[in-house]
Each structure stands twice: as structure tokens, then as C-alpha cells.
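For reference, the structure discussed in these notes is given below.
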Amino acid sequence: MDPAETLLSALGEIPVRGGQDVSSKMDAPSKVEARPLSKRLQQWNGAIESEFVANIPSFSFVSEPNEDSLAKLAVAVETLHGHLVHTVLSNPPLFSGNKELSSGSESGIKDESDVARGGIVLLNDVEADATTSRAAEAVAECGAARTLEDVEDDNEKLILTSDLLRACKNILRWTNQRRALAMRVRGQSGPAEAEECVANDETKRLRQPGTLRLYLVLLEGCSSHFQKGSTVLTHRDSVAQTASLALFHATFGAGEPVADVARSVLVGSKVNFIPSLARLVNLPHPLPLLISLMRHVHSLVGSEPVLAKRLDSAVAEGSSDCKDKDLASVLVATLAWTLRSDPPFPGTDPGDRRSDLAVEVMRIMFVLQLRHASNNDEVKNDNDMMTQIGILICDILQLPNADFRIYDIKLAAVNLLMDCPAEYGQFLMSNNGIPPLLAVLTLQLTTVVVERTGSGAADAAAIVPILIALTRLSAANDDVKKVIKEGIFPPEAEKGFQSKAREEKEKLRGGDRGSVGGLGAKNMSPLDAPRGTVRWKLLRLMTWTESNVKRCASEFIWTLCNGDATEFVLRTGFGNAVHILGIKGLVTIPKESTVDIPMS
């Protein structure tokens with residue numbers, strides 16, 4: 001069933017929209033059960049989140065948007081928004097002060113008895129934004145609670161607020177996924193289409209400046225800061241977390257017009273999210289909230305490079321203990337706590353999400369690394385982040401692979417090693433960090449070559465980072481290269497290989513075959529690559545259809561061979577080597593030629 005329709009059913013009666021009764025255009029929702037609104041929302045939230053997990057959201061009108069379906073979505077959003085604003089404005093025990101703002105005359109919302117029946121008056125967008133802004137200011141004026149004793153919690157109202165925010169998050173996420181799929185089907189929209197998309201956004205009430213501001217003040221006001229890393233959320237923590245998630249999904253999606261507009265409002269003067277985020281990531285929070293805050297950081301620095309510099313400045317300005325503190329130092333400190341806090345990482349409790357936090361932090365570090373590498377104006381020492389995180393990466397690489405959560409963290413660490421300082425290889429080798437990297441290579445090769453991902457992009461994502469990292473480490477340090485080369489070409493197999501290599505070279509010297517391009521070998525097949533070995537799998541990648549995979553695998557072996565074309569051909573076979581030899585100008589490849597690639 002359409003999530004918008006089921007959300008309307010959970011919220012209660014279908015209200016009047018824009019002075020026009022749209023109920024006649026809709027299938028009547030099922031009769032609302034005599035259960036609290038919170039319970040009905042929990043059921044709806046659970047159902048749609050199950051679809052997200054199973055990756056089967058119901059996009060019933062992706063190709064051809066249906067007018068009735070879009071009308072239902074708009075009404076569901078407006079009704080949900082009205083419930084949220086009313087709940088905030090009519091809750092003195094929760095948010096204290098400003099009680100007069102919850103009256104019907106001030107807020108533009110009917111009295112509580114009407115809300116209980118689901119009959120919320122839906123204002124036009126301008127009035128709705130103004131009312132939501134007043135609700136946000138009412139909360140902001142109260143200030144955040146610092147101790148549990150400062151707040152007279154009304155659990156039922158806290159739970160309802162959390163469930164409403166959770167529903168906001170879910171309907172935004174569902175709409176974002178529907179739009180993303182539509183963009184893939186129809187292609188990228190031009191400026192005119194983008195402007196129309198923003199103007200006709202059915203979820204605009206949940207993305208307006210006032211609503212974004214409301215999400216933020218609820219996040220700040222309900223963040224308890226009592227226990228870092230707790231897996232148990234208080235009702236106030238739940239409000240903070242769901243507010244953070246709603247804010248994230250209202251602004252997430254680089255290149256998506258609606259999200260781009262919302263994100264520009266988020267970081268602009270109307271909401272001014274950057275200083276708040278810089279302060280929040282420096283405070284202790286329960287794990288779920290910490291993760292959502294880091295996803296905000298990831299979304300912002302990934303979408304606009306300038307926002308990383310603004311976050312750096314905001315962190316420094318908000319730090320009283322260290323004037324040189326920046327975003328990178330916050331990330332490193334968070335990662336260190338994640339790996340070294342009790343119980344021993346990654347923990348046995350299914351609710352322990354420290355591994356998710358570690359992956360998110362390292363993804364942000366990777367984005368920052370890319371930004372610094374591609375921006376020549378950045379006056380940032382390339383080694384700064386790796387100097388801080390180097391020991392942590394070694395710790396990560398030493399963790400056992402048995403737990404899939406740890407392996408995901410290792411893959412995130414490999415991404416950081418793609419641009420590591422030249423001297424870092426020696427540190428890795430001294431701390432036994434090279435064998436774990438070779439183990440990652442072996443597992444990723446099995447994924448791509450044996451299990452087959454079935455997608456060129458997936459192949460590249462799986463294997464290219466570890467190939468680039470090992471190539472970089474090998475090129476920078478001969479001792480590291482020796483260890484890596486022995487991992488690919490085992491010493492116990494070298495005696496047989498060297499014997500075959502001498503025979504192959506003798507053939508050329510004896511005149512059996514002429515050399516090509518001055519190469520000291522012309523064997524078409526590799527001299528020693530038994531099926532199933534790591535070197536056999538690597539050679540398979542040298543002729544892969546995905547160009548990045550093929551080039552990176554070839555460059556890796558070329559580096560291990562010290563750029564010696566003869567050794568390269570002996571180890572890989574001329575058929576496999578011809579592509580990279582042509583790129584390096586060692587052989588000339590006719591444009592129309594094809595080469596058969598025999599594999600032993």
C-alpha cells in the first residue's frame with residue numbers, strides 16, 4: 001500500500017487541504033483504531049523501516065506520478081507537520097515557558113481536542129513556516145537541560161514527539177529514494193526542471209527553514225550529554241536522535257534539487273547549523289546520536305568543500321582547551337574512543353554500534369583527504385591526518401577478520417592508505433601491518449575473481465582501493481615492497497620460477513625467437529601462476545573489462561617488478577602484459593589488433 005495513504009490512516013481523519021476536500025479523490029483510509037496516536041505511528045514507522053531494510057520500498061508512481069498519490073503525499077506531510085508543531089507548542093512540561101504560544105490564536109492550530117481527532121487546520125506554506133519558526137524559538141528560549149533534575153519529563157509527550165519526528169524522517173527518506181530512482185529513470189534534470197521540482201515538492205513543509213530550525217533546536221534541547229557511547233536511549237535522547245535523523249534526510253542528496261536548496265538553508269543564516277554541529281560533535285552522546293551527527297558531517301563535507309573549512313573554524317572557535325583543534329582532531333579522538341572504550345571492541349551486544357561509528361568517521365576522513373589532495377589552495381600539511389591516525393590504523397589492521405563488522409572497518413582504513421605519506425609504510429611494517437593488508441587483498445580478490453560481483457563498478461569499488469594502497473606503499477619503500485612481493489610471489493615458489501625464467505631468456509639468446517621492443521622475454525603465458533593462487537587472480541584482473549581494475553592490477557605488479565619489463569613479462573605473460581607495455585611505450589599495439597590471452 002502507498003506509504004502516504006497508510007500514514008494518513010495512522011494520523012487520523014483526512015483534513016481539508018487548501019479549502020478543498022481531497023477525501024473524495026482518495027480511497028477512504030481504514031477506520032482509525034482507538035489507540036493512541038503514538039502507537040499507530042510506531043506501527044507505521046516499523047512497517048516502512050522494514051521495507052528500507054529489505055530494500056523493497058513501494059514506489060507505486062515513479063515512472064508516471066499519479067495526481068491522487070501526490071495529493072495524498074502532500075496531505076500526509078502537512079498533517080504530520082501540523083501534529084509535530086502543535087505537540088511542541090502545547091508541551092510546557094517538556095519545553096517549558098512560552099505557554100501562550102500554544103494557544104490557537106497564536107499558533108494558528110486548533111485546540112488539543114481537535115488534534116486528538118486528527119483534524120488539524122492546514123495553513124498555507126508561508127503561515128506554516130512562520131508558525132514552525134515560532135515553535136522553534138519557543139524551544140530555543142528554554143535552553144538545553146543540563147541535568148535530569150532540570151527537566152520535568154512527560155514520557156508520553158516525549159514518546160509522541162519522537163514518533164512524529166521518526167515519521168518525518170521516514171516519509172522524507174521514502175520520498176528521497178523515490179526521487180533518486182526517478183532521476184535514474186529519466187536522467188538528470190535541467191535548471192527549469194530543477195526549479196519546478198523544488199516548487200512542487202510535496203514534502204516542502206518538512207524542509208522549510210522553520211522546520212529545519214525546529215529539528216535543530218529539538219536536537220540541541222534534548223541532547224542530554226550524560227553518557228558517551230550509551231546504547232540505551234532516554235526518551236529525551238530519542239527526541240534528539242529522531243530530530244537529527246529528520247534533519248539529515250531533509251537535506252541529504254547532493255545533486256538533488258530539493259535537497260540542495262534545503263542544505264543551503266541549513267548552513268545559511270536562517271538555521272546556522274555549522275556552529276551547532278561543531279559543538280555537538282565535541283560532546284558526549286549515546287551511540288545512535290553520535291552516528292547520526294557524524295553522518296551530518298559526512299553529508300556536508302562531501303557536498304561542498306568550503307563547508308569543511310567552516311567546520312574547522314567552528315570547532316576551533318568553540319574549543320576552550322586547544323586553539324589548534326580542528327575537525328580532523330575531533331574525528332581522530334572519536335575514532336580512538338570508539339576502538340579503545342569498554343567493553344573490548346567491537347563488543348558482543350547487538351546494540352553496540354561502535355563499528356558503525358568507526359566506519360562513518362573514517363569515511364569522513366577519506367572525504368577530507370580527497371578534498372585536501374584535489375585543492376591546491378588548502379594550506380594543510382598532507383601528513384597531518386595520517387600522523388594522527390597512523391597508530392589507530394595499525395590497531396585496526398591487527399583486529400581479527402572473523403567479525404564482518406571489523407572487516408568493513410579494515411576496508412575503510414584501506415581507503416585512507418591510498419593517499420598515505422611515503423614514510424608511513426615503514427611504520428606499518430615495523431608494527432606488523434603489511435600481512436593484514438595482504439589478507440585483505442586475498443579476500444577482495446576472491447570476491448571479484450571467484451565469487452564475481454557481476455558489476456564493473458562493484459569490481460572497482462571492491463579491489464581498486466587495496467591495489468592502489470599496496471602499490472603506493474611498495475613504490476615508497478623497498479623494504480615494504482620486498483615483504484609485499486613475497487606475499488604475492490612466495491619464496492617457496494621462486495626457485496621454480498627462476499629456473500623457468502633462465503630457460504625462457506636462453507631461448508631468446510639462442511635465437512629461437514626474436515625479442516620485442518628490447519624485452520628479454522616473450523613468453524605468452526605466465527611462467528608460474530597456478531590456478532587459485534593470489535598471483536593467478538591478480539593476472540586475471542590484468543585483462544578485466546573494467547579499465548580501472550585492469551590498470552591498477554597491472555601497475556601493482558609492474559611496481560613489484562621494479563619497472564623491469566622482462567621480469568614483468570616473465571611473471572605475467574606477454575598476452576597479459578601487452579596492454580600496460582603499450583601504455584608505457586615499450587611495445588606498439590596496432591589499433592585494430594586483438595591479442596588472445598592464454599591463462600595457465
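Coordinate-derived values only; no laboratory data. As the structure is a prediction and not an experimental result, all values here were calculated from the model. Positions of Cβ are generated from backbone atoms using ideal geometry, with glycine treated the same way; all protein chains shown enter the neighbour counts.
Here, the stretch 491-583 is characterised by an Rg to Rh ratio of 0.96, where Rg is the alpha-carbon radius of gyration and Rh the Kirkwood radius. Among Glu486, Glu492, the order by Cβ neighbours within 10 angstrom, fewest to most, reads Glu492, Glu486. By the beta-carbon count within 10 Å of each Cβ, the least crowded to most crowded order of Ser525, Ser162, Ser474, fewest first, is Ser525, Ser474, Ser162.
Since only Gly520, Gly496, Pro530 are under comparison, the one whose Cα sits farthest along the positive direction of the charge dipole of the stretch 430-560, derived from C-beta charges on Lys, Arg, Asp and Glu, is Gly520. The HN-Hα couplings worked out from phi for the stretch 239-246 by the Karplus form 6.51 cos²θ - 1.76 cosθ + 1.60 (θ = phi - 60°) are 4, 4, 5, 5, 5, 4, 5, 4 Hz, whole numbers, x standing for Gly and Pro. The phi torsions of the stretch 475-482, fed into the Karplus equation with coefficients 6.51, -1.76 and 1.60 and a -60° offset, translate into couplings of 5, 8, 8, 5, 5, 5, 4, 4 Hz, rounded to whole numbers, with Gly and Pro shown as x. On the beta carbon distance between Leu181 and Met524, with R0 = 60 Å, the FRET formula returns roughly 0.80. Could you tell me which of rounded, prolate or oblate describes the stretch 256-360, using a ≥ b ≥ c as the square roots of the eigenvalues of the alpha-carbon gyration tensor, with rounded for a/c under 1.5 and, failing that, prolate when a/b is larger than b/c and oblate otherwise? Oblate shape, in that a/c is at least 1.5 and b/c is the bigger or equal ratio. Using the Cβ-Cβ distance between Asn272 and Asp479 with R0 set to 45 Å, the FRET efficiency from 1/(1 + (r/R0)^6) comes to roughly 0.30.
Amide H contacts for Gly573 (H built 1.01 Å from N in the peptide plane; partners 5 or more residues away or on another chain; cut-off under 5 Å): Leu527. Counting other Cβ atoms within 10 Å as a rough exposure proxy, the listed residues Asp528, Asp479 run Asp479, Asp528 from fewest neighbours to most. For the stretch 525-574, with equal point scatterers placed on the C-alpha atoms only and solvent neglected, what are the log10 I(q)/I(0) values from the Debye formula at q = 0.31 1/Å, to two decimals? The computed values of log10 I(q)/I(0) come out as -1.25. Model label points for Lys495 and Asp403, set 7 angstrom from Cα along the Cα-to-Cβ axis, are 4.3 nm apart. Each Lys and Arg adds +1 at its Cβ and each Asp and Glu adds -1 at its Cβ; summed about the Cα centre, the stretch 491-583 shows a dipole of about 180 debye. Counting every pair of alpha carbons in the stretch 403-555, the share spaced more than 24 Å apart comes to 41 percent. On the beta carbon distance between Ala333 and Arg531, with R0 = 56 Å, the FRET formula returns roughly 0.75. For Arg353, no residue has an amide H sitting under 5 Å from its own, ignoring neighbours fewer than 5 places away on the same chain, with H placed 1.01 Å from N.
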